[in-house]
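One structure below.
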């Protein structure tokens, strides 16, 4: 596949599929020689110029062994009790994409 084909294929993915693909593709990456991880975030600007960044989290596989449908919306939100980052997901029980702790969403 060339770059245009790859971009077209990626563009055809649902939001859930895209986030899963990103985390699967980068889970073993060593970022700039440091122990860490790459994460997907959603940045919003509200009408009063307030900004919010939430990190998109995948479900806790222990809580959902059967998985989810591919078009599940990112409609759950919360914050990680360990690192306090804001998170969004399509699941209520998730793994924090920043610190790896189990977290809960609404």
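Considering 38, 7, which residue is free of Cβ contacts under 8 Å to residues at least 40 places away in the same chain and either closer than 18 Å to residue 87 by Cβ or part of a loop (DSSP other than H, G, I, E, B) (or both)?
Every option except 38 fails the conditions.
Against the test of being in contact (Cβ under 8 Å) with a residue 24 or more places away in the chain and over 22 Å from residue 10 (Cα atoms), the options 72, 103 yield a single qualifying residue, 103.
Is it true that some residue in the range 44-65 is touching a helix residue (DSSP H, G or I) at 6+ places or on another chain (Cβ under 7 Å), within 22 Å of residue 24 (Cβ to Cβ) and not in a strand (DSSP E or B)? No: zero hits.
Restricting to the range 26-35, count the residues that are loosely packed, with under 10 Cβ neighbours inside 10 Å and assigned to a loop (DSSP other than H, G, I, E, B). Final tally of qualifying residues: 6. Only one of the numbered conditions (1) under 25 Å from residue 7 (Cβ atoms); (2) loosely packed, with under 15 Cβ neighbours inside 10 Å; (3) under 13 Å from the mean Cα position of the chain (by Cα); (4) at pLDDT 90 or above is violated by residue 70, and that is (3).
The values are calculated or read from the model by the stated rules, or taken from the named source; none is laboratory data. Quick caveat: nothing in here was measured; it's all calculated off a predicted structure. A quick note on method: Cβ atoms are made from the backbone with ideal geometry, for glycine too, and the neighbour counts reach across all protein chains shown.
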